[in-house]
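The values are calculated or read from the model by the stated rules, or taken from the named source; none is laboratory data. All values derive from a computational prediction rather than experimental measurement. Here Cβ is always computed from backbone atoms with ideal geometry, including for glycine, and neighbour counts include all displayed protein chains. Heads up: the accessible areas ignore ligands, DNA and RNA and are worked out on the full protein's heavy atoms, side chains in. Shrake-Rupley method; radii C 1.70, N 1.55, O 1.52, S 1.80 Å.
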Amino acid sequence: DPVWPDANAGLVGQESAYQLMREFVFEVQHQTRRVAIHLGSDSNPGVLAPVGERWPFFRVCWLAYALPCYKGRMLYDSDVAYFFGDPPAARPGKQVIPGRTMDTSSNGRQSAHPTSRKLRHVEWIVNWWSEPGDTVLDPFCGGGTTLAAAKNLGRKAIGIEIEERYCESAVHRCSQEVFALTQEPER
């Protein structure tokens, strides 16, 4: 989910969104087989032009909300994901890649980031557009939703974020929990 030029979310890099995307493509173009870009439905997809110049377009996927909200006059009822590159190999239960999923949770944002995404949507993207054993790279990781999704699905992940406060949020979100081990009572 890259910063896009008309985000109006007060994000660092918004004024140079096109340049940031070009730099991302330049840096990873030879190590990456496929790219998934998750945008809000009110995002300008023009920022994706450098991606389409390097990887072939595969499809658009709708990430619907069971519980929409309003943003001014817009009924905000979905995000979109753009898939570029060679699709993952078919495997049992995953012969074709669907173009729609619906998040039925009502938990809202799970991050302090102003443009955070639904964890279930990002898990769906990671599940369908990566393979077990892949490393997921999120060069715009924000509050760490993609990192959490990759962790939940057993994928390795690398996150890059320009704002330190969101790096700290992502680290906290993905930190390993420690279980309290107690001795069993004596009999």
Condition (residue is at pLDDT 90 or above and out of contact with any strand residue (DSSP E or B) (no Cβ under 7 Å at 6 or more places or on another chain)) applied to segment 34-47: is it met by at least one residue?
no
Residue list for segment 20-40, filter: touching a Leu at 6+ places or on another chain (Cβ under 9 Å) and part of a loop (DSSP other than H, G, I, E, B):
31, 32
Going through (1) at pLDDT below 85; (2) in a loop (DSSP other than H, G, I, E, B); (3) open to solvent by less than 40 Å² (accessible area, probe 1.4 Å) one by one, residue 17 fails only at (2)
Could you give me the residue pairs with C-beta distances under 8 Å whose first residue belongs to segment 134-153 and is of a type in the set (Lys, Arg), whose second residue is at pLDDT below 85 and open to solvent by 10 Å² or more (accessible area, probe 1.4 Å) wherever it lies, and which are 6+ apart or on separate chains?
151/174
Please list, ordered by residue number, the helices (runs of 4 or more DSSP H) wholly in segment 43-161 having 3 or more residues that are open to solvent by 20 Å² or more (accessible area, probe 1.4 Å) and closer than 23 Å to residue 25 by Cβ.
49-54
Those residues of segment 10-44 which are closer than 19 Å to residue 76 by Cβ and under 15 Å from the mean Cα position of the chain (by Cα), in sequence order
37, 38, 39, 40, 41, 43
